[in-house]
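Enquirer: There's a structure below that I have some questions on.
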Amino acid sequence: MGAEHFRNWLANRWSDRIRWREPLAHHTSWRVGGPCDLMVFPSLEEDLKEILEEASRAGEQILVMGRGTNLLVRDGGVRGTVINLSRGLQGIEAEETRIKAGAGWPLSRLAGWAARRGLGGLEFAAGIPGTLGGGAKGNAGAFGFSLDRIVRSLKVIDGEGREQVLSREQILYSYRGCSLPTEGIIVEAELTLTPEDPQAIWQRMEEFHRWRRERQPLSRLTAGSVFKNPTGLRAGRIIESLGLKGKSIGGARVSEVHANFIENLGNARASDILELIRLIQERVEKVLGQELELEVQVVGEG
């Protein structure tokens, strides 16, 4: 079965859940990016497995995405099929201090769900716009906390639809990353939380929200932190020290609120953002001899 046959199968199987030539700009927080050949929105884990199995047999190129909050799609778009998990994989169950949640859960909403039940440990994630799956793979964190501290296990599906459950001991976490195979798709995470007074949890969440409102451009079109923090340093402070706050190329601008954020002023193209990223990296490398590594993922064709 070739790619054309696979896409016809997908159109017949899930006609109400696919979009042809869908602009990725509609599905990323930066609001930039060209179209994909086909986008599908599976709801259940079984659907995802079936799609991956058929795609593997057909040799179809696949990109899996969540809410697109850490993703820069080039202007030429993405060839093949995009599997968008932002509307699915949102089952949840709890047993005492452990919860199993589908990878499609938005981190902020999951933090609120836990707080209402007096389960602490996710407060730091209340302002992180991505999903649990993307956050667990990228070891999302803030305020000195990160998901690796509370992950107990991850259920992962590979590019051929095969499933396995990895215990925390089998996962090597690092700063903003983990040891999962590149094609590994997280479909569920088991977390271990801490019983606490709900009021105390909400108070911490509000303090984190207040900090973000004061120091981050939350009302702008961004993808959060663009660069990882070098060891012992802050990427935003490095960029600011070089006078790059407010620097703009086309419709993209280094935020004047926080220099590790790049804003789409409303008419940016992905190429504007990429050019600004390269300029920052080159300037930092030239002046400070420091390499800034991307925290966002760049995909697609130029």
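Each reported figure results from applying straightforward, stated rules to the coordinates on display, with no laboratory input. Since this is a predicted model, take the numbers as computed values, not measurements. When we count neighbours, we look across all protein chains shown, and the Cβ atoms used for this are built from the backbone with ideal geometry, even at glycine.
Enquirer: Comparing 233, 85, 180, which has the greatest mean-square fluctuation in the GNM of the chain with Cα pairs linked when under 10 Å apart?
Expert: Fluctuation is largest for 233.
Enquirer: What does the charge count near residue 120 come to, summing +1 for each Lys or Arg and -1 for each Asp or Glu among other residues with Cβ under 11 Å from its Cβ?
Expert: Local charge sum for residue 120: -1.
Enquirer: How high is the relative contact order of the chain, in percent, counting Cα pairs under 8 Å that sit 6 or more residues apart?
Expert: Computed over the chain, the figure is 18 percent.
Enquirer: Over the chain, with a Gaussian network built from C-alpha contacts below 10 Å, which listed residue (258, 209, 27) shows the highest mean-square fluctuation?
Expert: In this elastic network of the chain, the residue with the biggest mean-square fluctuation among 258, 209, 27 is 209.
Enquirer: Return the lysines within reach of residue 155: Cα separation strictly under 21 angstrom, same-chain partners fewer than 8 residues apart disregarded; answer none if there are no such residues.
Expert: Filter leaves 49, 100, 137.
Enquirer: Residue 247: which aspartates and glutamates have alpha carbons under 13 Å from its alpha carbon, excluding same-chain residues fewer than 8 sequence positions away?
Expert: 256, 263, 272, 275
Enquirer: With a point put 7 Å past each Cα toward its Cβ, work out how far residue 244 is from residue 271 in nm, to one decimal.
Expert: For residue 244 paired with residue 271, the spin-label model returns 2.1 nm.
Enquirer: When the chain is treated as a GNM, springs tying every alpha-carbon pair under 10 Å, which of 19, 67, 215 comes out with the largest mean-square fluctuation?
Expert: 215
Enquirer: Follow-up question, since we're still on this one. Please compute the net charge surrounding residue 300, taking Lys and Arg as +1 and Asp and Glu as -1 over other residues with Cβ under 10 Å from its Cβ.
Expert: 0
Enquirer: Here's a follow-up. Counting only DSSP beta bridges with both residues in the chain, what percent are antiparallel, rounded to the nearest 5?
Expert: On the way: 38 of 49 bridges.
For the chain, the DSSP antiparallel bridge percentage is about 80.
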